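Remarks on the structure that follows.
The values are calculated or read from the model by the stated rules, or taken from the named source; none is laboratory data. Since the structure is predicted, the reported quantities are computational estimates derived from the model, not experimental observations. We place every Cβ from the backbone using ideal geometry, glycine too, and count neighbours over all the protein chains shown. When the accessible area is computed, the model is the full protein with side chains, heavy atoms only, and any ligands, DNA or RNA have been set aside. Shrake-Rupley method; radii C 1.70, N 1.55, O 1.52, S 1.80 Å.
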Amino acid sequence: MEDLTGIEALRQLLPPPPGAGEKIDWQAAEARWGTAFPRDYMAYMAVYGVGDIGTEEDPDQVGVLSPFPTGGYEFSPQDFEDETGNARLTWEEEGPDQDDLDLDPEHILAWGGSNNADMFCWLTSDPDPEKWPVLLFARHGSVTCEVVPCGMAEFLRRLLTNEHASYKIDLTPAPRFVHWRTERGFPAPAQ
C-alpha cells in the first residue's frame with residue numbers, strides 16, 4: 001500500500017465537503033506578499049479553501065486562513081495579515097528567550113491557528129517555499145515557538161493522526177472540515 005503524504009493523505013483522512021475550495025489568484029497573492037506559496041498550501045486552498053477543521057461537538061478547533069480577504073460578506077474571515085502580525089509580535093516579545101532558535105520576525109508568515117490561540121506559521125527564510133517548515137506558536141506550552149520540519153499539509157495530517165510528539169488537538173471521534181461560507185450560512189462557493 002502506498003504511503004500517502006500531503007494533500008492526498010489529508011483527503012483520505014478528511015474528505016472535503018461538496019462545494020469546498022477557493023479560487024485564489026496566486027499571482028496577485030505573490031505580488032501582495034512578495035513571495036510564492038508552497039504547493040501543498042495552494043492545493044489545500046483548491047480542495048478545501050478557508051474554513052475550520054474540528055468535530056461535531058467542537059467544529060472550529062483548527063482554522064486555515066487565506067492570503068486575501070475572502071469576500072464582500074460582513075462576516076467573512078480575515079486573511080493571514082492579522083495573524084502574521086500577531087505571530088511576529090509574539091516572537092519579538094517572547095522569542096529571544098528561546099536560546100535554541102534565532103530568526104528574523106520578517107520570516108514569519110501565518111497560515112492558520114487553533115481555537116486555543118495557537119498560531120501555525122511558515123518560517124520563510126529559505127527562498128524556496130517548498131522548503132518552508134511549519135513554525136508552531138503553542139500559547140499554552142513551555143516553549144514559545146517550535147520549528148516542525150514539514151509542510152502545512154503534512155502538519156495537518158499529523159494533527160489528524162495524533163503524530164505530533166509535543167502538540168495535540170483532540171479531533172476524535174470524526175474530524176470534519178467546514179468551509180467558512182457554510183459555517184456562516186452563505187451558499188457554498190461555485191465550482
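Quick notes on this one:
- Complete set of residues in region 39-56 that are open to solvent by less than 10 Å² (accessible area, probe 1.4 Å), closer than 20 Å to D118 by Cβ, under 16 Å from the mean Cα position of the chain (by Cα) and not hydrophobic (A, V, I, L, M, F, W, C): Y41, Y44, Y48, G51, G54
- Condition check for P187: in contact with a helix residue (DSSP H, G or I) (Cβ under 7 Å, 6 or more places away or on another chain) and either among the aliphatic types (A, V, I, L, M) or modelled with pLDDT of 85 or more (or both): no
- Single residue of region 119-145 satisfying the filter (closer than 16 Å to E94 by Cβ and without any contact (Cβ under 8 Å) to a residue 24 or more places away in the chain) that is surrounded by the fewest Cβ atoms within 10 Å (Cβ to Cβ): S142
- Count - residues of region 16-72 that are more than 17 Å from V134 (Cα to Cα) and assigned to a loop (DSSP other than H, G, I, E, B): 26
- Within region 150-165, tally of residues that are in contact with a Pro (Cβ under 7 Å, 6 or more places away or on another chain) and either over 15 Å from W132 (Cα atoms) or in a helix (DSSP H, G or I) (or both): 2
- In summary, W111 fulfils each of the numbered conditions (1) modelled with pLDDT under 85; (2) under 21 Å from G54 (Cα atoms); (3) aromatic (F, W, Y) with the single exception of condition (1).
- Verdict on T161 being of a type in the set (S, T, Y) and surrounded by 14 or more Cβ atoms within 10 Å (Cβ to Cβ): no
- Top-ranked residue in region 1-15 [being modelled with pLDDT of 60 or more and not in a helix (DSSP H, G or I); ranked as least open to solvent (accessible area, probe 1.4 Å)]: L14
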